[in-house]
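Inspection log for the structure reproduced underneath, given as structure tokens.
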Amino acid sequence: AVSAALLAPSAYGFSIQSAFGVRKSSSLSGVAEDLDLPCEDECAITSFPNMPESVHPGVLTGQAQLDLLNHAKENGYAIPAVNCVSSSGINACLEAARKNDAPIIIQFSSGGSQFYGGKGLDNKNYKAAIAGAVSGAFHVRTMAEQYGVPVILHTDHCAKQLLPWVDGLIAASERYYEQHGEPLFSSHMIDLSEEPIEENIEICKEYMQRMSKIGLLLEMELGITGGEEDGVDNTDVAQEDLYSKPEEIYEVYEELKPVSDMFTVAAAFGNVHGVYKPGNVQLRPDILKNAQEYISDKLGDKCPADGKPVLFVFHGGSGSDISDIQEAISYGVIKMNIDTDTQWSYWEGIKNFEEKYHDYLQAQIGNPEGADKPNKKYYDPRECMRAAEVNTVERLEKAFEDLKCQNILGLPQMDEAENVLGPRRGGLPV
């Protein structure tokens, strides 16, 4: 039950709950309700003023997820999809989403999942990667509601040899579905772009038949994203493989659409993982435009009114011109992956913190203020990690801006956090 105190006027001058409605019990109950956690302000609302009614705070699955993606396509924005390897990185994403009044996609790679579980844990049969992703999923589910933003919980590239990893995660979602009426995750990517297209489509189709039963969305890759990421090296791939053909994209659409609407396509249009000097990445967003037109022509009267039947995903966008990114959005891109830039922003926050407080970080005792002065409040890990989070939130604000994904939900400006506890002997201004 929501206490009367939650309905009192807030610092905004009105009650968020009275404006947007209080979350009600349902078969799709949230983590806060399941665990009887405090659920106030944005956490307690049922929907957002500017979004489809199905879109709510917390992790979205099934139709609610599809409604959000279609809203992005119809309104000309794309949602940043950030690879995370720690709870700290997840919290930075949620904070950034709330500050930008926007949805966000949080995703785990197989390597990131293993790291989340702990590199000291044996990963035979991908058990550490499975456990790590599940652990991260519960963290996202718990905290996304508290930040009051809609989140798509996704896993990134899964090549053929990694399918046992995704099998374990789908099994976890099936068990979660039995208790909660929705899957643990929102979606999974299966990347069989290095396999023959017939095998790629057939395996994706088999997974869709299983996933669609519980409301899981499938992201498939067609064509190859160049560069290197998470141990997958495509730096020497043939140039023609970096560009998908309209006929291939239509073949995917034709095979997957009868199974379910719950799929997106990461088509190749010159994308390259990693970061390169401006001009070195030759994107061709017109490939997406041509594909939408080709498929629309094939569909005839069955084509959607907007002429964009495919939900496209943008991989490998670091270093791309903003004009290319926004042109791609206009052709139906609703998700853009971000990893390289947020890896740097997190590290840069730590680097800048060390540079600023270098003389306080060389020993436990002794600094410019005196040989007997303690340095605990400087080397406390929370300080440099918070510096990393702040820097990442700032970098993500640029991503939200570039993707036209700001002021989407219709929430008031985020209040400054209160009762923030710092390291003993007083926290630093981080």
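The residue of region 161-170 that is most open to solvent (accessible area, probe 1.4 Å), among those that are of a type outside the set (Val, Ile, Thr) and under 21 Å from the mean Cα position of the chain (by Cα), is 167. Which residue pairs have Cβ atoms closer than 8 Å, lie 6 or more positions apart in sequence or on different chains, and pair a first residue in region 389-414 that is closer than 21 Å to residue 319 by Cα and free of Cβ contacts under 8 Å to residues at least 60 places away in the same chain with a second residue that is among the charged types (D, E, K, R) and assigned to a helix (DSSP H, G or I)? That search, which allows pairs on different chains as well, returns 391/348; 395/341. Taken over region 28-76, the residue count meeting the criterion of being outside any loop (DSSP other than H, G, I, E, B) and at positive phi is 3. Just one of the listed residues (79, 45) is modelled with pLDDT under 95 and in contact with a Pro (Cβ under 7 Å, 6 or more places away or on another chain), namely 45.
Restricting to region 99-112, give me the number of residues that are crowded, with 22+ Cβ neighbours inside 10 Å and part of a helix (DSSP H, G or I). Going through region 99-112 one residue at a time, the tally reaches 2. Residue count for region 52-69 under the criterion of being open to solvent by 20 Å² or more (accessible area, probe 1.4 Å) and in contact with a strand residue (DSSP E or B) (Cβ under 9 Å, 6 or more places away or on another chain): the result is 1.
Reported count of residues in region 270-284, each being buried (at least 23 other Cβ atoms within 10 Å of the Cβ) and modelled with pLDDT of 90 or more, is 0. Scanning region 224-269 for residues that are at pLDDT 95 or above, of a type in the set (Val, Ile, Thr), crowded, with 21+ Cβ neighbours inside 10 Å and under 26 Å from residue 108 (Cβ atoms) yields 252, 264, 265. Taking the condition closer than 21 Å to residue 91 by Cα and open to solvent by less than 30 Å² (accessible area, probe 1.4 Å), does residue 320 pass? The answer is no for residue 320. A single member of 409, 396 is part of a loop (DSSP other than H, G, I, E, B) and either of a type in the set (S, T, N, Q) or crowded, with 21+ Cβ neighbours inside 10 Å (or both), and it is 409. Of the candidates 195, 221, the single residue that is open to solvent by 40 Å² or more (accessible area, probe 1.4 Å), touching a residue at least 24 places away in the same chain (Cβ under 8 Å), more than 15 Å from residue 108 (Cα to Cα) and not in a helix (DSSP H, G or I) is 195. Restricting attention to region 113-133, the residues that are open to solvent by 30 Å² or more (accessible area, probe 1.4 Å) and either closer than 28 Å to residue 47 by Cβ or part of a helix (DSSP H, G or I) (or both) add up to 10. The requirement of being part of a helix (DSSP H, G or I), surrounded by 15 or more Cβ atoms within 10 Å (Cβ to Cβ) and modelled with pLDDT of 95 or more is fulfilled somewhere in region 360-374, by at least one residue.
In region 139-147 there is no residue matching the filter, namely being crowded, with 21+ Cβ neighbours inside 10 Å and outside any helix (DSSP H, G or I).
Would you check if residue 306 is touching a residue at least 60 places away in the same chain (Cβ under 8 Å), open to solvent by 30 Å² or more (accessible area, probe 1.4 Å) and acidic (Asp, Glu)? Judged against the criteria, residue 306 is a match.
The values are calculated or read from the model by the stated rules, or taken from the named source; none is laboratory data. As the structure is a computational prediction, the values presented were derived from the model and not from experiment. Ideal geometry is used to build each Cβ from the backbone, glycine not excepted, and the neighbour counts take in all protein chains shown. Ligands, DNA and RNA are stripped out before the accessible areas are found, and what is left, the full protein with its side chains, is counted by its heavy atoms. Shrake-Rupley method; radii C 1.70, N 1.55, O 1.52, S 1.80 Å.
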